[in-house]
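I have placed the structure first, in the form of structure tokens, so that the comments after it can refer back to it.
The values are calculated or read from the model by the stated rules, or taken from the named source; none is laboratory data. For clarity, every value in this text was computed on a predicted model and none was experimentally measured. When we count neighbours, we look across all protein chains shown, and the Cβ atoms used for this are built from the backbone with ideal geometry, even at glycine. The area values use the complete protein model at the heavy-atom level, side chains included, leaving out ligands, DNA and RNA. Shrake-Rupley method; radii C 1.70, N 1.55, O 1.52, S 1.80 Å.
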Amino acid sequence: MGEEVFQPLLVSDARVPFVGGFRELEQGSPDRLSLWSAVRAEASVSAREMVKYLQGGALLAATTTLTRDVLSPDHPVIGGLHLLTDGHWLRYSDLAHYVEHYHVALDPQFTAHAQANGWTVPQLDDADLLALQSVLLGDDADRAMTYEPVVCPAAAVG
């Protein structure tokens, strides 16, 4: 009996950017950047806030797949693989681990987005998640056409 092959959880849509997905990761994409090339010797000034931001978010999809640390020689388990969102960007749940432990640099647009949200992930309701799901899966043209990225209220205040 062969080992089960992981299938990525999402269908890409230009309106919903994805951060992470490095090519070395099982859920990564061969045309994405190398995780090794994103490793930095020191944490960024806002690393603690970024890790907290990445650990938050709404659960869009969960799997029973365990993720392993591909940068560590002994490949310890990081945790379960889940697809998270802040209402605009998508990411897998293991991304916070790599930012925290290896100071992995992320897409500058994502970093600016998280900072503009005051490092606080917006609260999403069921309607937000259903609209996002519709965009990604293309299963409801009316709902997908009206999809608007969620903006954190705290970021809009000041």
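When ILE78 is tested against (1) over 30 Å from ALA127 (Cβ atoms); (2) part of a loop (DSSP other than H, G, I, E, B), exactly one condition is not met: (2). Taking every residue in region 75-88 that is free of Cβ contacts under 8 Å to residues at least 24 places away in the same chain and pairing it with any residue that is among the acidic types (Asp, Glu) and crowded, with 21+ Cβ neighbours inside 10 Å, at least 6 positions away or on another chain, the pairs with Cβ-Cβ distances below 8 Å are ILE78/ASP94; GLY79/ASP94. Does region 52-66 contain at least one residue that is at pLDDT 95 or above, in contact with a Lys or Arg (Cβ under 9 Å, 6 or more places away or on another chain) and open to solvent by less than 20 Å² (accessible area, probe 1.4 Å)? Looking through region 52-66, at least one residue is at pLDDT 95 or above, in contact with a Lys or Arg (Cβ under 9 Å, 6 or more places away or on another chain) and open to solvent by less than 20 Å² (accessible area, probe 1.4 Å).
Tallying residues that are open to solvent by less than 70 Å² (accessible area, probe 1.4 Å), under 16 Å from the mean Cα position of the chain (by Cα) and at pLDDT below 90 within region 1-50 yields 8. Looking at region 107-158, the helices (runs of 4 or more DSSP H) lying wholly inside it that each contain 1 or more residues that are acidic (Asp, Glu), at pLDDT 50 or above and over 30 Å from SER37 (Cβ atoms) sit at 126-137, 141-145.
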